[in-house]
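Participant: Below is the structure I would like to discuss, written out as structure tokens.
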Amino acid sequence: MRRHIYINKKISPYKRTIQVSSDKSLSIRTVLLASQAVGVSKISNLLESEDVLNTLKTIKKLGINYKKKKNYYEIYGFGLNSFNPRNNTVIDAGNSGTLGRLILSLLIKTEKKIKLIGDKSLSKRDFSRVIKPLRLFGAKIKSKNNVLPVKIHGTEFIRPINYLENIGSAQIKTACCFGALNSPGTTFIRAKKSRNHTELLFKYLKIPIKVKSNKEFDLIEIKGLQQYNSFNYRIPGDISSSAFFIVLTLLSKNSSITIQNVNINETRTGLIKILKKMNGKITFKNKRFYKGERTADIFVKSSKILTAINCPSNLNSSAIDELILCFLVAAKAKGISTFKDLGELNKKESPRLNISIKILRMMGIKVLRKNNNIKIYGKPKLDLKGNYHIKNFSKDHRIFMFSCIAALTLNGRWIIEDKDSVNTSFPKFIGILKILGAKIN
């Protein structure tokens, strides 16, 4: 079966309303929290991507049953530390850093030896960032060079921790929060600002949590060993998935799109703030609250004149999965755009900063780089004529989708490899592009 796609024509003007796939961060977190709740939880509109399906397989392997119903999943929890795996169980997190790092944090009290593995991409990623705090809780963890495979052996004698998270990683912060669930006393976390889905879910579930915020950090207190009840939850649309259609529309002529029921959590909308500063025509409609999260319909219109930006680095964490799309918009903007402190991008599924710069330069865009800072020299009249072959990007789903949007808005003849990479997060991506009128072979 062919693993690549061909695109050799810009997308035609469109005016459409769509729904994107469900939020991946919330899907994984709700499944894991339901596995530790008391009773039967019902999660509807769960994202059925490889990362989330691997999360379901993981809890099943750890002794937690689930059933897929017509419109929702039932997960049968037995409370905190209720995993009942066999000794030397092997868990495969696939491509999911979120699953891999968070499941370790729920195993710190499991007195069986568990081995965590992942695919080729995940096996290159740094796990020291969660190994360090989980060892402080008391878990015994072994790993060569802080990458997968990781072996964990929990202990009954868990202790609360006082931890500084100064990277701005929601995965590290959440690992500390999940670890706190099974520890006595109160865990204190001082965390650089990042997405806050976990804290909002804790509040909704009435898990004892206090959050105080200042300009750069959140100060979090969690009282451990507090059982919580099962819950019902409907997952909203994913803003990271929406981002590709937002940029597609901004860069296309005479087009508009409404994306329904998208999570617009303040810690996830950095992309929107950046694009508005670049004169992007984006508005929120039908804003509402759902169990602590903010949702809305996102309306986007083509933007004839896009302007360069000196992007504030404090927006990086709230746009971390979408920053490469901002680079694409900068390539079409008038002027020189500056982005700083981008090192975290190279710690994703691929060295995403390096690869996105390579693609921009392939398209004839001047990009100057100094350490983890870049300048992009925009070409508002950019209209590609050449041949472009996108390959060797570690099957990074976001690089694949980024390349599709470039091909559909900038012209040229494109071959893009590893089309199945989207299955980790957004299996319906190519289908929605075709609904909008994209010619993809």
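The values are calculated or read from the model by the stated rules, or taken from the named source; none is laboratory data. The structure displayed is predicted, hence computed values, not measured ones. Backbone-built Cβ (ideal geometry, glycine too); neighbour counts: all protein chains shown.
Participant: Could you check Ser240 against (1) assigned to a loop (DSSP other than H, G, I, E, B); (2) in the same structural domain as Lys347 (by TED's automatic domain parsing) and say which number it fails?
Facilitator: Answer for Ser240: the failing condition is (1).
Participant: What are the residue pairs meeting all of these: first residue in the stretch 23-44, first residue more than 13 Å from Phe202 (Cα to Cα) and at pLDDT 95 or above, second residue of a type in the set (Lys, Arg) and not in a helix (DSSP H, G or I), Cβ atoms under 7 Å, and 6 or more apart or on different chains?
Facilitator: Taking only residues 6 or more apart or on different chains, the pairs are Ser25/Arg195; Ser44/Arg234.
Participant: May I pose another question? Pull up the stretch 273-314, narrow it to residues that are under 22 Å from the mean Cα position of the chain (by Cα) and among the polar types (S, T, N, Q), then point me to the one that is surrounded by the most Cβ atoms within 10 Å (Cβ to Cβ).
Facilitator: Ranking the qualifying residues of the stretch 273-314, first place goes to Thr295.
Participant: Related question: Taking the stated definitions as given, is Val211 closer than 30 Å to Gly39 by Cβ and free of Cβ contacts under 8 Å to residues at least 40 places away in the same chain?
Facilitator: Yes.
Participant: So how many residues does the stretch 55-107 have that are acidic (Asp, Glu) and either within 21 Å of Ser25 (Cβ to Cβ) or in a loop (DSSP other than H, G, I, E, B) (or both)?
Facilitator: Residues in the stretch 55-107 being acidic (Asp, Glu) and either within 21 Å of Ser25 (Cβ to Cβ) or in a loop (DSSP other than H, G, I, E, B) (or both): 1 in total.
Participant: On to the next question. Could you check the stretch 339-441 for helices (runs of 4 or more DSSP H) lying wholly inside it with 1 or more residues that are of a type in the set (S, T, N, Q), closer than 12 Å to Ile7 by Cα and touching a residue at least 40 places away in the same chain (Cβ under 8 Å)?
Facilitator: In the stretch 339-441, 397-410 are the helices (runs of 4 or more DSSP H) which contain 1 or more residues that are of a type in the set (S, T, N, Q), closer than 12 Å to Ile7 by Cα and touching a residue at least 40 places away in the same chain (Cβ under 8 Å).
Participant: On to the next question. Tell me, which residue of the stretch 170-193 that is assigned to a loop (DSSP other than H, G, I, E, B) and modelled with pLDDT of 95 or more is surrounded by the most Cβ atoms within 10 Å (Cβ to Cβ)?
Facilitator: Only one residue fits best here, namely Asn182.
Participant: When both residues are 6+ apart or on different chains and their Cβ atoms are under 7 Å apart, which pairs have a first residue that lies in the stretch 46-75 and is more than 19 Å from Phe426 (Cβ to Cβ), and a second that is among the β-branched types (Val, Ile, Thr) and outside any strand (DSSP E or B)?
Facilitator: If the second residue must be among the β-branched types (Val, Ile, Thr) and outside any strand (DSSP E or B), the pairs left are Thr58/Ile103; Ile59/Val31; Tyr66/Ile59; Ile75/Val31; Ile75/Ile64.
Participant: Condition first: in a helix (DSSP H, G or I) and within 19 Å of Asn95 (Cα to Cα). Now tell me which residues in the stretch 30-54 satisfy that.
Facilitator: Thr30, Val31, Leu32, Glu50, Asp51, Val52, Leu53, Asn54, listed by residue number.
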